[in-house]
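Encoded as structure tokens, the structure appears first; notes follow it.
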Amino acid sequence: MEFLPFFLILFATVLFAAAFRRFHLPWVLALITAGVVVGPYGLEVAEVTPTLGFLSQIGLIFLMFMAGLETKFDSFKKLKYDIGWLSALNSLIPLAAGISLGYWFGFSLTASLLIGIIFMSSSIAVIIPTLESLNLTHTKLGKSIVSSTIIEDVLSLILLSILLQSVNPLTALPLPSFYFLLTLIMAGFAYGLPKIRALIPHHRDEKDLFESEVRLIFALIIGVVVTFELLGLHPIIAGFFAGLVLSDSIRSEILIEKLRTISYGIFIPVFFVVIGMETNIGILSESAGVLGLIATIVCVSVLTKFLSGWIGGKIIGFKNREASIIGIATIPQLSTTLAVVFTAVETGLLPEELIAAMVTLSIVTTLIAPIGLRILSK
């Protein structure tokens with residue numbers, strides 16, 4: 001039966017989200033916990049069927065698409081110098097720390113590079129709501145945080161793409177030729193997708209019962225994903241790129257709200273729940289070494305992101321408290337981290353203890369960063 005596990009997942013997401021909301025805990029934590037509880041490593045009442053696996057892949061694509069869609073390059077113009085320093089320090093220091101940590105624990109080069117890429121990334125989706133509630137979004141501090149975080153996410157995804165293509169190539173082309181061809185196709189999409197979207201008439205005087213514009217955008221996303229997959233590029237890169245390309249042409253708040261409702265209402269929650277279902281929490285009780293690994297990864301990631309963000313903030317002229325806000329704001333690990341986890345589960349690139357560590361890292365950083373921001377902003 002395909003409908004029973006799907007129903008159990010939907011029911012668990014509603015139940016856990018309501019319970020966690022009462023205690024003011026992040027909804028992502030509720031969804032991952034729901035997956036752990038109902039999954040094969042919990043109560044074993046549901047398992048990841050092919051249908052759920054497909055829906056979770058769609059959820060991952062739309063998670064990355066929404067991350068790209070919320071990326072605006074307007075704020076880059078006046079802060080080029082500041083953003084360059086901040087994003088460079090907040091990327092390279094955590095990247096080096098993650099790779100070094102992987103080698104220190106004896107993991108392979110690929111696993112160590114994946115740890116570094118995860119440490120390098122940040123999650124703007126976690127921080128923007130908090131910045132908005134604190135009225136920091138349109139300040140120089142808020143723009144510096146948002147812009148540098150976007151660059152860090154883009155760089156981490158580029159490195160992830162290169163690594164996946166090197167480890168598990170899906171094309172016979174040499175890497176230089178492959179990325180040259182990919183650049184040309186990306187440029188074509190960047191020029192063509194907004195033009196295609198503009199061909200659809202906008203219904204101003206009547207309600208568009210068939211949601212033609214929403215359907216068109218869905219078709220464009222899937223088209224980009226299919227094209228990139230044929231080239232041998234992972235769908236998460238395609239999803240982010242599609243959102244990035246369309247971010248400047250989609251100005252309607254109503255349309256963005258519709259896309260957000262569909263994405264976060266159905267597909268993305270299924271992705272988070274499946275992540276929880278595929279996380280073996282039993283490995284935490286196997287040895288103290290696993291707990292030590294998880295604690296070390298979380299602590300090193302948090303410290304390096306905070307310190308590199310604080311140093312970058314001081315270099316570009318912010319005071320101690322503002323620099324600390326920058327450091328705290330770059331701590332969350334969500335989209336890229338869980339995308340890497342999902343890819344690692346599919347391809348076997350990471351051992352189980354590292355997968356559990358990365359899920360824990362995502363939960364902990366998503367929980368503490370908004371709290372830290374509210375404390376520092378008072």
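Read-outs: derived from the displayed coordinates by stated rules, not from any lab. Predicted, not measured: the structure shown is a model, and the values here were computed from it. Cβ sites come from the backbone with ideal geometry, for glycine too, and all protein chains shown count toward neighbours.
Summary table below
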{"quantity": "Whole-Hz ³J(HN,Hα) from phi, Karplus 6.51 cos²θ - 1.76 cosθ + 1.60, for region 222-227, glycine and proline x", "calculated": "5, x, 5, 4, 4, 4"}
{"quantity": "Computed E for residue 319/residue 92 - FRET, C-beta separation, R0 30 angstrom, nearest 0.05", "calculated": "0.80"}
{"quantity": "Hz values of 3J(HN,Hα) by residue in region 329-343 - Karplus curve (6.51, -1.76, 1.60), Gly and Pro given as x", "calculated": "5, 8, 6, x, 10, 9, 4, 5, 4, 6, 5, 5, 4, 4, 5"}
{"quantity": "Estimated vicinal HN-Hα couplings, Hz - region 32-43 in sequence order (Karplus 6.51, -1.76, 1.60; Gly, Pro = x)", "calculated": "5, 4, 4, x, 4, 5, 8, x, x, 9, x, 7"}
{"quantity": "Calculated FRET value between residue 214 and residue 14, using beta carbons and R₀ = 30 Å, to 0.05", "calculated": "0.80"}
{"quantity": "For peptides 111-123, 334-346, 259-271, sequence by mean Cβ density within 10 Å, most packed first", "calculated": "111-123, 334-346, 259-271"}
